[in-house]
Structures are given as C-alpha cells and as structure tokens.
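**Student:** Dropping a structure here in structure tokens format, bear with me for questions.
The values are calculated or read from the model by the stated rules, or taken from the named source; none is laboratory data. Model, not experiment: these values are computed from the prediction. Here the Cβ is made from the backbone with ideal geometry for all residues, glycine too, and neighbour counts use every protein chain on show.
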Amino acid sequence: MLALALTTLHAREPKSPLPGPPDEGMWLPLLIGQNHEEMKRMGLELTPEMIYSANQSSLKDAIVWFGGFCTGEIISSEGLILTNHHCGYDAIQSHSTVQNDYLTNGFWAANKEAELPCEGLSVSFLVRMEDVTARFKNEIPADLPEDQRSSKVQQLSAEIVKNATAGTHYRAMVKDMFYGNEYYLFVYEDFTDVRLVGTPPEAVGKFGGDTDNWMWPRHTGDFSLFRVYAGKDGKPAAYSKDNVPHKPKHVLSVSIEGVKPNDFAMVFGFPGRTTRYLVSESIKMAQELTNPARIRLRDTRLKIWKEDMDANPAVRIQYASKYARIANYWKYFIGQNKGLKRLRTVEQKQKLEKEFNAWAAANPERQAKYGSVVDNLKKAVENFRPYALNFVYINEALFAPEILSFALQSQALSQTLPQDKKIARNEEAIAKAVAEFRKAVDEHFKDYYPPTDKKVFAKILKMYYDDIPKDQQPAVFNDVVVKQYKGDFNKFADAVFAKSIFADKAKMEAFLKKPEYSVLAKDPAWSFANACLQHVTTKVRPPYLAYEMEVTKWGRVYTAGLREWQPNKKFYPDANSTIRLTYGKVKDYKPMDAVQYDYITYLDGVMEKEDPSNPEFVVPQRLGELYAKKDYGRYADQTGRLPVCFITDNDITGGNSGSPVIDGKGRLIGLAFDGNWEAMTGDLVFDPELKRTINVDIRYVLFIIDKYAGATHLIKEMNVVGR
Ligand code: ARG
C-alpha cells in the first residue's frame, strides 16, 4: 500500500518496465508462485516448490524461528545454526562471568562436548502452512459484532489447531492476515536442546555498538553459531548429554562467490511486526506523543544503567543484554521520528486517504461500504489519544523498575498461599509453585544489581507521577508516595529497597523456605506492584482494548477496500512473526543530497573506525594483525580486500535478524542483521529509494570462524562453494 502511496505522491514509478511490486513485500512462501515470474526475471533459478513445499525438502526446512524473536538457518547436516550475534547475545551473556567473559573474548567450542546448553532457548521449524480462510468465512457472519467475532475466531482457531496437531508432537497456531480478511494455519516442530557453538568477541560481533546501530556504512560481524540437538529417535527432546545433533531436512550451501550490484537476493525469515496499513492519525499520534515518550523514558533508564555498568565490570556483564535490548529500540524510535518528519509520512498518508475516499465516493455501493472507514479509524485514534501516554508509560515507566516486574512474577505462587491463617495450606501445590518461581528467582538475581535498579525506580516512577494525568494514576501513588513519603520518590525507593524480599536474595530464600501470604502482603514492592497491576487491568487496559477492537474492525474493511481499489497490485499482509520471503537485489543508495553510499564495506573500514579509547570501536589485536598481513585466505574479493557487510533492497523488519540472504541458486551469501537510518519509518511505510537491509557478508563470517578463530572444524561441516 505504501509503495502505492509513494508512487502517487512522488511519481516514484519503478524505472524498470517490470509490472507488479518493486522489491517491497513480505510474502507468504506458500503463495510465492504468484511472484515467481518476476523473481525469475530478477535472477532466481529455483522453482516455487524448491522454496516452499510441505512434502519434499525445500529451502524453508533450513530456516528456523530462533527463540521466537529472531531467525536462524541450518548450514550443516549436523544441525549447525547460523544467526546474528545480537540474537545469541542473551545466551552468550548468560554464560559469561568476569572470569570467563565470552562477551569480550568470544567463545569457540573445540568439539561438540564443549558446546554450551542454553536453557530456555528453542528453535522451531515450520512443518507446513495452510490457508484456512474459508472456514472462517463460512462460519463467521460478516456482520457479527466484533467482540463475538473475536471469541468465535478463537474457538475456530483452537479447533483447527487441535486437528492439525492430533497424534503429533507438533505445535500449531492460526494467524490472521489483513486484519482478519484471511487466516493461515502454521504447524511447527520445536526443538528445545540448543547449544552455543561459537561467537566472535563483541569487538567483532557488535563492532560499532550503539553508535553504528541502525546505520550504514556498517562494519559489524554480527553472527554467532548454535547447534540444534534431538533425541536418539530424531525427535525433539529436552536437554540431555545423550542427545545427538539434529539431522535437518535441508541444509543451505554457502557461496563465497561474492556479491555485486543488482545480484538477485532473497531473505527468508520471521519478521515480527509491521503496521503499513495504519491511517495518518495513528502515525501522527506516534510521532507527536508516543515515540517521544518512549525515547525519553528509555533515555533515562539507559543513562542510569550505563553509569553503573561503566563503574563495575560485574554490572556491565549483568546488564549487557538488557541494555542492548532497550537501547536498540530507543535508537529505533529516534530514527523513526526523524524519518517521519523528513519523509512527511503523515502527509503522504493523508493524500492516500483522500484519494481512497474519492474512489469510494464515486460509486454509491462503494460509498456505503468504504465511505466512512478512514474516518472511523481516525475516530478510534482520537478516542484513545487521551490514554495513549499512560499506555506507553505502563511498560516504559511503571513496570520498568525490575523489582516491580519481578514481584509480579510471584503471582502464581501468591495465589496458592491462603490469605487467611485459618484456611489450610495445600503444601503440595505450594511446593510446586515455589519450584516454578525459583527459576525466575535465580534468573532474576543472577543479572540484578539492586543499587542500580533503585535509582531507576526513584527516577522513573517520579516521571510517571509527573507526566500522567493524576486521574489516570494508580491510587497508591497518592496513598503511599504522597501521603507517607511526602511525594519524595527517593525516600520511597530507600524504604522499598531496604525492606523488600524482591531486592535481596537472602531475604527471598528465607521467604521461600516457608512462604506466607502475610510476608507478600506486607512487602512494599509486592503490594505496590500489585496495586499498579490492578489499576492497569481495570482502568488502563479497557480503553486500549476498545481502541484495538476498533482498529481491527475498521482495518479489516480498510485493507479490503484498498485491495478492491488496486486490483492489479499484489498485496502482502503485515508482518506478524510468521515466515516470509522477501526478494530484491544488491543495491546501493543515496542517503541525502550530494551523498552516495556504496553497497559494500571492507575490513579497511573497520580499521578506519578503530579507536582503542572507545569500547564500541576497539579492534581485536588478532584482527589487526590479519589485516596488516592481508591474510584473508580464500575470503578476499577480486580486489584483494576482505568484504564485511553489504546492502540489499529487501523488505525486512525486527525478527528477520539472523535471516539468510540467499542468491538465485538458493545458496547462502549473507546474514541480514539491520535496517538503515534513513528508512527507520520502514515498519510504517516502505520507501523503495531509501530502504535497505544490512547484511554481514558470508565471506566475513567464514573468515572470522576460519582465519581469526581457527575453528576450521566448523568450516569443514559446511558445504562451501564458489571458489
Ligand atoms: N538494530 C539491530 C536489530 O534490531 C540490532 C543491532 C544490535 N546491536 C546493537 N548495537 N544494539 O536487528
């Protein structure tokens, strides 16, 4: 739709005579046949069945949904998985200590025995997908009220999932597309024994840090290696020493032939979320209200964390992963707001809406169907706008102190504890809940530094108190902080952190020995968190849910209308963490007037950026030595230089991180890991001239594994072709 907005606005008709979409689009692989002619013209040599097939081995069998938040790909017949460094970051961090600092030094398992199990990490293979829209169309009357509709959708989905998984160990889900105009079933096989195999040091895997994040030109070796294990029977199994490397149905071969402009490139993965069919009013609200709020709240939290991380090496490791996660979307929102302004996205959308309305008005039948849909969507935003800030602050302020979100994790345990001493305790149920909660306790305290969190607590709750309308705040702010602490959030923080069992592991252990409800009820963090949660559930969520329901209901009409308006255009649904394929080409771009960016970066650029005094730009000594000797093995290009990253015009978003970049022959040529600064509006609008995908060149990945780390046993597992 947005390509459409852009073409009408700026006459940015693709210069090529090809019909159909340019390189915009996150396509459902099941339907890739519709794009196949165009893909072939662009350089694809595979058939649709070689990309996606439910019955025979196809590319999709080499793609995994990594941990539910990233993508990975299988690059050896022994289940070796390649993904981004920033996708493996949490696992790498959790294995790191001040003594064994894999973040700083990297890690390479010398053999399979040395690979590190990653508790809680799983990968999923897509078994098959299916269009199940007809069931929904048949069984749900078009005029069913929205709330009844959504329960009917849930019920039907549950039935379909049950049938699809009966007698198997598979997991399935039904996902809606185009706001519920279509429904698809996805069946997955989940593997829960995933082990860390190798990672470069941060100085390679995160080179450029937050300064370079979301930016081109880039010089980051953003990759890490894992392995998926299965039980002896080849089926998924919980971690066990006896598990064996999983034998995948398909393995990507790796091409070191290299890339050049206009080479065909496709990216296969699990994009998380786009909202490209929103109306202008929604974008206006984000630009004016919610994005700035997210930025300033994250800024506050990050500054506090950073100061303590810089002062204390243990805290640096404890907070590394949390910091990176919060910082990533902090910078994202900064970039998005700059982009919205520069690209005048709200105006573009308004123009599109005007044209759509004119089309609808030209015919009475259409007018009846679509004439008021844009207005209805705008009204939904208007109604929600007074509550929008609170909604953002809930996540970014109210529950940002770790102590509060941790306190809420004891919910299941607290419910097993009788509030009244006269009621008998069900010790069995309590013991079970304790065992369950203990996992959260260990995980929490491992990476928790209370003095840091206390600073966040005082500062960010004060921001909540100052910025949110008083009549929308939980009563505890007034009843406790104002009345008992004279509105002094530092004093409140002192009291909470001095007393709460959620701030002190020893106190928590003592509580868990014989948990009593009265201890929780008296705990200042627990009671504050629960009072806030209660408020959120009864007062903050309802207007949000109402808004969501309106957006879904009218979004369904609007997307149907857009498709009717542009019958010759191929439409693709918004990203929703389902598997997608996007195709395009290797392509440079022009970020601003008088500036042209190249499509590829080299190790020379790493050395140019080197700054030993800045942790983000340190170059490992060994890398500097290999550079000095130009010892690149077979990974240099024809100019003798070592490629590091390249860009393509593929259409990706968060969740695609770690996705394979695949050439026309189906071979791995790179690893997608980022988007570019000039197109941070990409999740809202695809701008074909500016939007690029940033990839690590596979030659840099192999060079680091082979020449830098000497992990040649891993290279031997792969099928490296091309030179
Ligand atoms: N922007 C990247 C993405 O969202 C993540 C990069 C992580 N690196 C960092 N410096 N925080 O996929």
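**Student:** Which of the residues belonging to region 35-58 are within 19 Å of F125 (Cα to Cα) and assigned to a loop (DSSP other than H, G, I, E, B)?
**Tutor:** Y52, S53, A54, N55, Q56, S57, S58
**Student:** Same structure again: Provide a single number: the residues in region 635-652 that are within 16 Å of the ligand (Cβ to nearest atom) and either within 19 Å of G624 (Cα to Cα) or in a loop (DSSP other than H, G, I, E, B) (or both).
**Tutor:** 5
**Student:** I need the full set of residues from region 213-229 which are within 7 Å of the ligand (Cβ to nearest atom) and not in a loop (DSSP other than H, G, I, E, B), in order please.
**Tutor:** none
**Student:** Which of (1) away from the ligand (no atom under 16 Å from the Cβ); (2) assigned to a loop (DSSP other than H, G, I, E, B); (3) touching a Lys or Arg at 6+ places or on another chain (Cβ under 9 Å) does L626 not meet, given it meets every other one?
**Tutor:** (2)
**Student:** Pick from region 653-668 the residues that are within 10 Å of the ligand (Cβ to nearest atom) and in contact with a helix residue (DSSP H, G or I) (Cβ under 6 Å, 6 or more places away or on another chain): which of them is farthest from N719 (Cα to Cα)?
**Tutor:** Step by step, filter region 653-668, then rank; the result is S657.
**Student:** Among T300, T345, T290, T274, which is the only one that is in contact with a helix residue (DSSP H, G or I) (Cβ under 7 Å, 6 or more places away or on another chain), within 20 Å of R692 (Cβ to Cβ) and either β-branched (V, I, T) or away from the ligand (no atom under 16 Å from the Cβ) (or both)?
**Tutor:** Of T300, T345, T290, T274, the one residue that is in contact with a helix residue (DSSP H, G or I) (Cβ under 7 Å, 6 or more places away or on another chain), within 20 Å of R692 (Cβ to Cβ) and either β-branched (V, I, T) or away from the ligand (no atom under 16 Å from the Cβ) (or both) is T345.
**Student:** Follow-up. Identify, by number, the condition in (1) within 16 Å of the ligand (Cβ to nearest atom); (2) in contact with a strand residue (DSSP E or B) (Cβ under 7 Å, 6 or more places away or on another chain); (3) of a type outside the set (S, T, N, Q); (4) outside any loop (DSSP other than H, G, I, E, B) that V197 doesn't meet.
**Tutor:** It fails just one condition, (1).
**Student:** Separate question: Test each condition in (1) surrounded by fewer than 20 Cβ atoms within 10 Å (Cβ to Cβ); (2) under 30 Å from E45 (Cα atoms); (3) free of Cβ contacts under 8 Å to residues at least 60 places away in the same chain; (4) out of contact with any helix residue (DSSP H, G or I) (no Cβ under 8 Å at 6 or more places or on another chain) for S613 and report the one that comes out false.
**Tutor:** (2)
**Student:** Return yes or no: is K206 at pLDDT 95 or above and either of a type in the set (S, T, Y) or within 16 Å of the ligand (Cβ to nearest atom) (or both)?
**Tutor:** Yes, satisfied.
**Student:** Restricting the first residue to region 638-664 and requiring it to be at negative phi and among the aromatic types (F, W, Y), which pairs with a second residue that is away from the ligand (no atom under 15 Å from the Cβ) and part of a strand (DSSP E or B) meet a Cβ separation below 6 Å and a spacing of at least six or different chains?
**Tutor:** F646/I600; F646/D697
**Student:** Turning to a different aspect of this structure: Quick check: is even one residue across region 174-185 within 16 Å of the ligand (Cβ to nearest atom) and either surrounded by fewer than 20 Cβ atoms within 10 Å (Cβ to Cβ) or of a type in the set (D, E, K, R) (or both)?
**Tutor:** Scanning region 174-185 turns up no residue that is within 16 Å of the ligand (Cβ to nearest atom) and either surrounded by fewer than 20 Cβ atoms within 10 Å (Cβ to Cβ) or of a type in the set (D, E, K, R) (or both).
**Student:** If you check every pair at least six apart or on different chains, which have Cβ atoms under 8 Å apart with a residue in region 673-702 that is farther than 29 Å from L225 by Cβ first and a residue that is in a strand (DSSP E or B) and away from the ligand (no atom under 16 Å from the Cβ) second?
**Tutor:** Listed pairs, sorted by first residue: E678/Y589; E678/P591; E678/M592; E689/Y589; E689/K590; L690/Y589; L690/P591.
**Student:** How many residues does region 404-434 hold that are buried (at least 16 other Cβ atoms within 10 Å of the Cβ) and at pLDDT below 95?
**Tutor:** Here the count works out to 0.
Condition check ((1) surrounded by fewer than 20 Cβ atoms within 10 Å (Cβ to Cβ); (2) at pLDDT below 95; (3) touching a helix residue (DSSP H, G or I) at 6+ places or on another chain (Cβ under 9 Å); (4) within 30 Å of G555 (Cα to Cα)) across all residues:
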{"site": "R12", "(1), (2), (3), (4)": "yes, yes, yes, yes"}
{"site": "D23", "(1), (2), (3), (4)": "no, yes, yes, yes"}
{"site": "T47", "(1), (2), (3), (4)": "yes, no, yes, no"}
{"site": "D61", "(1), (2), (3), (4)": "yes, no, no, no"}
{"site": "I74", "(1), (2), (3), (4)": "no, no, yes, no"}
{"site": "L82", "(1), (2), (3), (4)": "no, no, yes, no"}
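**Student:** Name the helices (runs of 4 or more DSSP H) wholly inside region 424-511 in which the number of residues that are of a type outside the set (A, V, I, L, M) and under 30 Å from P386 (Cβ atoms) is 2 or more.
**Tutor:** So the answer is 450-467, 489-499.
**Student:** Let me ask something additional. Looking only at region 102-148, count how many residues are of a type outside the set (V, I, T) and assigned to a loop (DSSP other than H, G, I, E, B).
**Tutor:** 15
**Student:** Quick check on my filter: what residues within region 517-568 are under 26 Å from the mean Cα position of the chain (by Cα) and not in a helix (DSSP H, G or I)?
**Tutor:** none
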